[in-house]
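Student: I'd like to ask you about the structure that follows.
What follows is calculated from the coordinates using simple rules that are stated; it is not laboratory data. Please read these numbers as outputs of a predicted model, since none were measured by experiment. Here the Cβ is made from the backbone with ideal geometry for all residues, glycine too, and neighbour counts use every protein chain on show.
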Amino acid sequence: MEVRFRLNGEDRSVDVGPAQSLLSLLRDGLGLPGSKNACEQGECGSCTVVMDRQAVCSCLVLAADADGADITSVEGLGSDDALHPVQQALIDGGGVQCGFCTPGFVVAAAHLFESNPTPDTDEIREALSGNICRCTGYGGILRSLEGLAGR
Amino acid sequence: MEIERPTDIAAALVALAETPDATVLAGGTDLMVEINFGHARPDRIVALRRVGELKELNGSIGSGVSWARLEQGPHRALAQAARTVGSPQIRAAGTIGGNLATASPAGDGLPFLAALDAEVEVRSATGSRLLRWDEFLTGPKQNALEPGELIHSVVLPEEIPVRQEFGKVGVRNAMVISAVMACVMRYDDGRTRVAVGSAGPTTLRARRAEEMMSAESSPSEAAMSEFQRIVSEEVKPITDHRSTESYRRHAAGVVARRLLERCLEAG
Amino acid sequence: MTTTTGARVRGGVGESVQRPDGVPKVTGNFAYVSDLTAEGMLWGATLRSPYARARLVLIDTEPALTMPGVHAVLTQEDVPGRKTFGQISADQPVLLDGEARFWGEPVAVVAADDPETARLAVAAIGVEWEELEPLVDMEEALDRDEVFRYAPVRRGDQTATGSVVAEGFYEVGMQDQAPLGTEAGLAIPDGEGGLDLWVTSQWTHEDHDQIWRSLNVASDQVRQHPSGIGGAFGAREDISLHLHVCLLALRTGRPVKMVYNREESFPGHVHRHPARLWYRHEADPDGTLVRVEAKMILDGGAYTDTTPAVVGNAVYFAVGPYNVDSVAVDGYGVRTNNPPTGAMRGFGVVQACFAHESQMDRLAAQLGMDPLELRRRNAMTTGDPMPTTGQIIETSLPTVEVIDRLVALPLPPRLDSDDPRNLPGGTGLTTTPEYVTRGVGYAVSIKNIAFSEAFDDFAEARVVLTPSGVEVYTAAVEVGQGMVTVLQQIARTAVGVEQVAVIPADTSTIGSAGSTSASRQTQMTGGAVLEAAQAVRKAALARGGGDDLSSEGVWRAGQLVMTLDDLCSAGPISEHTRFRHPLTVEPDEHGQGDLHADFAIAAHRAVVDVDTELGLVRVVQVDTAQDVGFVLNPQSVRGQIEGGIMQGVGLAVMEELIVDRGVILNASFTDYLLPTFLDAPDVEMVLIEEPSPWGPFGAKGLGEPPTISSTPAVAAAIRNATGLELNRVPIRPQDITGT
């Protein structure tokens, strides 16, 4: 079935499968593999996108129900030669190891900084408590984002 | 799969009347898990995300109001509960109506509704009904919705005590399904309400504990201990992979007592 | 030997150089296996056993085969070569051989046009089972002599006794590596009967050596490529879906991709061995250890996997870094129908360390002695024999120093916040400060580095100098730990040229680099790269007639005499090495011998706040001192240590697969709890740099020690707060409340 939405600033009209999640549509249908599939039940945040100004798990959005939505995935946040400040901060601060959780952290953190450019440590920790990282122990991510917040 | 995406309540009810076996989709945080793992393949879906009326929050709480919104208030204990629902991403999508529809004993918003004896307004194309929370929640993952009906809103009583507290015990400090949770309210006249979740087939009220504590105008330490003991006695938990029957029993009493302490400290 | 200047090279060893994969990882452009696609690609899916043990009475693949969009349905009959696989013992059927021996064991695989069709095809396969009684208790398995390996140690006077005795029984639950990226593979047929494979693997050559045997093709017809991996931690040391995706690709003649979902990932890889350990420590009244006895059983699941090696590690590190002249250890890896177990960060030493450190605290209490003083008094150092194997320690082993430097770190301030995010129970609002008791605990660990017990452990690398810089070719797998960065740094410093690219090489183009595990790649592949890079530099200086080399070219007496372009005009300078660590031997019948190549030591201090009434724990801080030999990259070292500590904390307080009659009850991220941001402790660390005799620039592998002694440190801290024995990890709320 056909669904129309705005994705990374571009109007799209796409064919979605029955029972297809927005995550699957992005990855398998639209060739945007930046959003990661790690749990498919909203318990890891690796697939986080911003939809209608809310950070949500794209695995829990029925693609057919995304009709009319305004969606930003990690691909819409920065590119190799023009990184988003959150992306640069994570690289500089040692917030990246295996990197599988990283796009989800990038989107969730960018969303946080949009509403609160100077979050304190506990605000960062709670706002990102839905994003699981298995490699870093969160230390590198925290230092990266504290730096970005000017702390 | 067919999907209807109504933008107002009337159209939603028509869609449900035409396809009474349709699956209702709101925040998706429960249904999509079933779909992703191949456990559900609904033929027809009625998606409620666009129905503005369901997102209204005034006296009553629209079923489509998200946890992120409820986290902002106005109800203290419900906001406390909302803050513990899944992750920030889940709270942005999940709704209080979803908690009722899924009817899990671990539904984080349900103890607040139970403590207040809230009612659930259910609508269909042919009318509406009001069901008290315990008429609505009929069993574990079972509710009283009939085909063609949807949850419109939660209706709260006029009198809502200021002193209300929620607490949730889990093994992780965020994003966790509760081992047990409770909501305690204390009215100015001493009436006390205790609702406990994840401690029985549905959310339950510890009515003997309520009765005992409601008679105490300024409870002694011994009364507080007795209150804790009765709550632990009254709950009906099971042992599963998340916790044990005996720990849940113990923790339910402890949390209820602590929440009551906080209510009393609030003066 | 050519000396290196290094001074002019930016991004050499010792700097916090940025990861070369950093930018693609933050933008989402990094290609993990699960992101790969190929023209005409089919999707694979797996039918799994619903029972821990059952006889396959009947299987009917016809209903699946006749579905539109289904291209192949394969069972054990369709395996053309060796019907089994396994790196130590090939005892695991590629597909079910008539009896299911663990829950989730692969029965059949299908290839179809899309994932949904593949899933439906799996569901359409007709299967009839006869459920059999599973063997799920590890002690019963030992009684029945279902043993993969028995490893004994008898060292010293077996009649020695001490007047102070501490006895204890300990248990460790089953931990999952839970790498965020699940198992994934893409096999692309080459049209000539062979194929190329990209797959979640820590060790391409070992997989490859198993794969071609089962496919019944020549070894060079399978080319396995180092691939983008979303974490590993041991879960990918054994084969998962590799053979399935290859079989389907060869059968259909089309590329086939398979990605496990989280539910099947849990039974789809090996886990940390659950263990039961019985200990007896005897000491003189002054605290001198006289004798240690231990018996340990590790649950090895249904197939061998790496269980024999894990048992060896548990047994040979049973005592910890302490001198004792009389030791008796009996270790068993047993066969059950529980979920598969194998490699996970710490590899057997985690289980032993939890027990031996708990014992040291218990013995200290019996002695009325400070637990750290007891450890110092018995601490091993360079030149001492291993208490178990008798091997004389030749590497640095600053046991007393890690303790002293750790203790010197300031303790965190006392709890002064009523913010729930800093309290046990977190945002659940269960706990206010008056219900919190603080505890502090310590633990120390020793761990081997690289493979042991006479394993033929080597790493190959090729370093090539071209006009545009240095290329490093290796089959070593980057799993996230930062190896590619460190190899770059080593090559930069050793060659003297700044432009370095690390290029993953498939199994047909270079020899094995060995496994990315056992904390070994920095020392092994790093060692290989260093040797090759030094040889390249030497050859370049000879060819250019100079005394120094830089990104500009060859220098003599401070003058540039030849550019890199000119230097390489006669062709690139290429050097290939095969690096080996000091040889190890097999243990004799008493477990004696030089079994290990190198050793690392670490100490941890945990500070916890415990809500004793509810049994809830917040791990406030975990500090550490660790001998890392030489800090090649401060930021990477810090990241490895913090991440390792987090996994140790997870095992201490929340991570456990709950298994009932062989069935995992919490095979999801909803119920297998990984620490969140609000569960993460602060970490302060002291890095001790006493060089390894053979690590590059003296560096030691460092990935595992953080996971090993952090767990017993947290347990000790909770004991300190509660006064309870707590002989099992993870420590659950009900263990603290006693309800």
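Student: Using a Förster distance of 51 Å, how high is the FRET efficiency between B:E146 and A:T118, based on the Cβ-Cβ distance and rounded to 0.05? Provide the component values of the computation, followed by the final result.
Tutor: Working: r = 51 Å, r/R0 = 1.00.
Computed FRET efficiency for B:E146 and A:T118 comes out at 0.50.
Student: Taking neighbour counts of Cβ atoms within 10 Å as a proxy for exposure, in what order, fewest first, do B:T126, C:T61 appear?
Tutor: Numbers: B:T126 9, C:T61 22.
By the 10 Å Cβ count, ascending: B:T126, C:T61.
Student: Where does the longest stretch of chain B lie that holds no GluC sites (Glu not before Pro) found in a DSSP loop with 10 or fewer other Cβ atoms within 10 Å? Spell out each step's value before the answer.
Tutor: Details: sites that count: B:E158, B:E159.
The reported range is B:1-157.
Student: Remind me, what semi-axes does chain B give for its equivalent ellipsoid, largest first in whole Å, using sqrt of 5 times each Cα gyration tensor eigenvalue?
Tutor: Working: eigenvalues 221, 76, 48 Å².
Values for chain B, descending: 33, 20, 16 Å.
Student: Would you kindly calculate the mean projected area, averaged across all directions, of the convex hull enclosing the Cα atoms of segment B:155-194, in square nanometres?
Tutor: On the way: hull surface 15.5 nm².
Value for segment B:155-194: 3.9 nm².
Student: For segment C:352-487, what mean projected area does the convex hull of the alpha carbons give, in nm²?
Tutor: 15.3 nm²
Student: Given a cut-off of 23 Å, what percent of all Cα-Cα pairs of segment B:1-101 lie beyond it? Write out the running numbers ahead of the final one.
Tutor: Values: 1402 of 5050 pairs.
Of all Cα-Cα distances in segment B:1-101, 28 percent exceed 23 Å.
Student: Past 23 Å, Cα to Cα: identify those pairs from B:K141/B:K236; A:K36/C:K83; A:K36/C:K447; B:K55/B:K168; B:K55/B:K236, in the order given.
Tutor: Among B:K141/B:K236; A:K36/C:K83; A:K36/C:K447; B:K55/B:K168; B:K55/B:K236, the Cα-Cα distance tops 23 Å for A:K36/C:K83; A:K36/C:K447; B:K55/B:K168; B:K55/B:K236.
Student: Can you give me the relative contact order of chain C as a percent, contacts being Cα pairs under 8 Å and 6 or more apart? Write down the numbers at each step before the final one.
Tutor: Details: 1996 pairs, mean separation 123.8, N = 739.
Dividing the mean separation by the residue count of chain C yields 17 percent.
Student: May I ask you to work out the translational diffusion coefficient for chain C at 10 °C, viscosity 1.306 mPa s, via Stokes-Einstein with Rh from the Kirkwood sum over Cα pairs, reported in whole µm²/s?
Tutor: Working: Rh = 26.8 Å.
It comes out at roughly 59 µm²/s.
Student: Work out, in µm²/s and without decimals, the Stokes-Einstein translational diffusion coefficient of the protein assembly as shown at 37 °C, 0.692 mPa s, Rh from Kirkwood over C-alpha pairs. Display every interim value, and only then the final one.
Tutor: On the way: Rh = 30.9 Å.
Roughly 106 µm²/s, to the nearest whole number.
Student: What number do you get for segment A:1-128 when its Cα radius of gyration is normalised by 2.2 N^0.38 Å, N = residues?
Tutor: Working: Rg = 14.4 Å, N = 128, 2.2 N^0.38 = 13.9 Å.
This ratio for segment A:1-128 stands at 1.04.
Student: Taking each pair of different alpha-carbon atoms in segment B:163-265 once, compute 1/r for the pair, average those values, and report the inverse of that mean as the Kirkwood hydrodynamic radius in Å to one decimal. Write down the numbers at each step before the final one.
Tutor: Numbers: mean 1/r = 0.0748 Å⁻¹.
It works out to 13.4 Å.
Student: Per DSSP helix of 4 or more residues, -39500 (n - 2.57); summed, then divided by the residues of chain B. What does that give at 222 nm, rounded to the nearest 500?
Tutor: Numbers: 11 runs with 94 residues, N = 267.
Calculated from helices alone, the mean residue ellipticity at 222 nm is -9500 deg cm²/dmol.
Student: Shielding by partners for C:28-41, please: the mean number of other protein chain Cβ atoms within 10 Å of each residue's Cβ. Provide the component values of the computation, followed by the final result.
Tutor: Working: counts 18, 7, 8, 1, 5, 0, 6, 7, 1, 4, 0, 0, 0, 0.
Per residue, the average neighbour count from other chains is 4.
Student: Amide H neighbours of B:F37 under 5 Å, counting only residues 5+ apart in sequence or on other chains, H built in-plane at 1.01 Å?
Tutor: HN-HN under 5 Å from B:F37: empty list.
Student: Per DSSP H run of n ≥ 4, the term is -39500 (n - 2.57); total these for chain C, divide by its residue number, and report the mean residue ellipticity at 222 nm rounded to 500 deg cm²/dmol. Numbers along the way, then the final one.
Tutor: Numbers: 18 runs with 183 residues, N = 739.
Calculated from helices alone, the mean residue ellipticity at 222 nm is -7500 deg cm²/dmol.
Student: Give the whole-number value, in cubic angstrom per residue, of the convex hull volume spanned by the C-alpha atoms of segment A:65-151.
Tutor: Numbers: hull volume 9.5 nm³, N = 87.
Taking only Cα atoms, segment A:65-151 has a hull volume of 109 Å³ per residue.
Student: Check B:G190: other-chain or 5+ apart residues with amide H under 5 Å from its amide H, H built from backbone geometry?
Tutor: Residues meeting the criterion, in which the H sits 1.01 Å from N, do not exist here.
Student: With just the Cα atoms of segment C:114-237, tell me how far they stretch along each of the three principal axes, in Å, largest first.
Tutor: Sorted from largest, the Cα extents of segment C:114-237 read 72, 38, 31 Å.
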